[in-house]
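S.K.: One structure is given below, represented as structure tokens, and several questions about it will come after.
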Amino acid sequence: MARLAFLWKVVAVGALSAGSAGAQLDGSMVSLEHPAIAYPTAPLTNPIDELQQRLERGAAELAFDPRPGIGYLPALLRELGVPVESQLLVYSKTSFQQRLITPERPRALYFNDTVALGAVQAGVIEIAVQDAVQGAVFYTLETTDNVPRLQRQGACLGCHYSHATLGVPGFFARSVPTAVDGRTLPWLGNATVSHATPLVERWGGWYVTGDVGANIHLGNALIQDNRATELPPLDPVVPEDLRELFPADYLTPYSDAVAHLVFDHQLVMMNILTRVGWDFRVALAEGRGLDTLSRTIDEAVEYLLFAGEVRLEPVRGTSGFAEAFSKLGPNDDRGRSLRQLQLNGRLMRYPLSYLIYSSAFDGLPAEARDAMYRRLWEVLSSAEPGARYSHLSAADRAAIVEILIDTKPDLPQYFRPLTAAAR
């Protein structure tokens, strides 16, 4: 199988040596070169690598759209099953294409459970994909009318392999107050976002559309004074769409609030799954006891169950993302799904991450997957699961278990419906 050329330009500050002890989720870096990881050279299992192989065999093709700044983007989204409704627009000068990004020409991001794509007009398409084993892998695609080639990149690891990504190649979204010219003003705020980040700290440098109710946030705020020492008053009101700003330059006129909320949760969950898998692979290779990773499992399950999620005032999207996302399922025999959105008080109706269905979860070492399942059952089956899980009512826990029994084929046999007595 032909391998893509790989340009390595890695900033691996604080990387552990191959013999270092396993770290917790918020701990030190995992070495890319560890024999159990072999990130630069190990075989890949992800939709981008598979698509490039099909392109090379002539089994797939990407149609070119000649509109300025569009190119292969629509065809690539269709081929990867990435909904156009997921579009998010970021106007802060971030990413390696920052010189091209301004509030008048924001970078467009699109995502599904596995892939995130970034497109900048007059630039290249950036692609980050969650490999089933290797974590985030990065590619670029030129937007010119040449033979399309998805080129693996290593330079992205300068930012995407850091403490912000839990010490593994991963994903992250930053929220930084931004001036009218797109320059970031990090002294006014600089957050790496998750579902636990207060909304008042989210979306700096991003456009937001829809209806966020009374939720104060940093989205859409273009700060006039790039030497400001404090934030101006923030207005929670957001537009329904961005047609007046971008009448025809983007695939949709939205940067949907619900898509933002899902994206904020998903990026960290993807990194957690990679970190769990890598920690177990290293520990197994070094013959270390897996009981040393119990805290890692505890923290992973906490995030999986939305522990620490901030409370949301009612939110409504307008792009159609919420409806498209909710339809993806899978559904149990009562029509319930872990993708059902609540958007009032909390993000999900049933607070267990839908990424339990992902190839990254299924691709965990058997020992890691078993540990995740056992801890998950301990929490869900407990009548008193502890203060960290006080957000889970008895009805929540019962519904989550019932949905899993119907929709997760590899669920261990010890999962069983929670009877009234057990609740």
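S.K.: Could you list, in sequence order, the residues of the range 126-141 that are β-branched (Val, Ile, Thr) and outside any strand (DSSP E or B)?
M.R.: The answer is VAL133, and nothing else.
S.K.: For residues that are open to solvent by 40 Å² or more (accessible area, probe 1.4 Å) and either assigned to a loop (DSSP other than H, G, I, E, B) or modelled with pLDDT under 95 (or both), tally how many sit in the range 396-421.
M.R.: Of the residues in that region, 9 qualify.
S.K.: Restricting attention to the range 194-220, report how many residues are open to solvent by 40 Å² or more (accessible area, probe 1.4 Å) and outside any loop (DSSP other than H, G, I, E, B).
M.R.: 3
S.K.: Look at the range 221-236 and say how many of its residues are open to solvent by 50 Å² or more (accessible area, probe 1.4 Å) and not in a loop (DSSP other than H, G, I, E, B).
M.R.: 1
S.K.: For the range 237-291, give me each residue that is over 23 Å from the mean Cα position of the chain (by Cα), of a type in the set (D, E, K, R) and in a helix (DSSP H, G or I).
M.R.: Within the range 237-291, GLU286, ASP291 qualify.
S.K.: Please verify whether THR140 is of a type in the set (Val, Ile, Thr), under 21 Å from the mean Cα position of the chain (by Cα), open to solvent by 10 Å² or more (accessible area, probe 1.4 Å) and on the phi < 0 side of the Ramachandran plot, treating the condition exactly as stated.
M.R.: Against the criterion (of a type in the set (Val, Ile, Thr), under 21 Å from the mean Cα position of the chain (by Cα), open to solvent by 10 Å² or more (accessible area, probe 1.4 Å) and on the phi < 0 side of the Ramachandran plot), THR140 qualifies.
S.K.: Of all residues in the range 328-341 being at negative phi and within 19 Å of the chain's Cα centre (by Cα), which is surrounded by the most Cβ atoms within 10 Å (Cβ to Cβ)?
M.R.: It comes out as LEU338.
S.K.: Related question: With the requirement that a residue be free of Cβ contacts under 8 Å to residues at least 40 places away in the same chain and part of a helix (DSSP H, G or I), what does the range 381-395 give you? Show your work before the answer.
M.R.: In the first step, residues of the range 381-395 are kept if they are free of Cβ contacts under 8 Å to residues at least 40 places away in the same chain; the result is 382, 384-387, 390, 393-395.
Selection gives ALA387, ALA394, ALA395.
S.K.: Pick from the range 340-358 the residues that are among the aliphatic types (A, V, I, L, M) and in a strand (DSSP E or B): which of them is nearest to GLY213 (Cα to Cα)? Can you show your working first?
M.R.: Of the residues in the range 340-358, the ones among the aliphatic types (A, V, I, L, M) are 341, 343, 347-348, 352, 355-356.
Now restrict to residues that are in a strand (DSSP E or B): 341, 343, 347-348.
Values: LEU341: 16, LEU343: 11, LEU347: 14, MET348: 17 Å.
Of everything passing the filter in the range 340-358, LEU343 is nearest to GLY213 (Cα to Cα).
S.K.: Kindly establish whether GLY123 is modelled with pLDDT under 95, open to solvent by 20 Å² or more (accessible area, probe 1.4 Å) and in a loop (DSSP other than H, G, I, E, B). Before the answer, list the steps.
M.R.: Numbers: modelled with pLDDT under 95: yes; open to solvent by 20 Å² or more (accessible area, probe 1.4 Å): no; in a loop (DSSP other than H, G, I, E, B): yes.
No.
S.K.: Still on this structure, I have one more. Counting just the residues of the range 342-382 that are touching a Pro at 6+ places or on another chain (Cβ under 6 Å) and not β-branched (Val, Ile, Thr), which one comes out surrounded by the most Cβ atoms within 10 Å (Cβ to Cβ)? Show your work before the answer.
M.R.: Residues of the range 342-382 that are touching a Pro at 6+ places or on another chain (Cβ under 6 Å), as a first pass: 344, 373, 379.
Now drop any that are not not β-branched (Val, Ile, Thr), which leaves 344, 373.
Numbers: ASN344: 14, TYR373: 20.
Out of the qualifying residues, it is TYR373.
S.K.: So, in the range 158-175, of the ones that are under 17 Å from HIS195 (Cα atoms) and of a type in the set (A, V, I, L, M), which residue ends up least open to solvent (accessible area, probe 1.4 Å)?
M.R.: Looking at the filtered set, the residue picked out is ALA173.
The values are calculated or read from the model by the stated rules, or taken from the named source; none is laboratory data. Because the structure is a prediction, the values reported are computed rather than measured. No Cβ is skipped: glycine too gets one built from the backbone with ideal geometry, and neighbour counts run over all protein chains shown. With ligands, DNA and RNA removed, areas are computed over all heavy atoms of the protein, side chains included. Shrake-Rupley method; radii C 1.70, N 1.55, O 1.52, S 1.80 Å.
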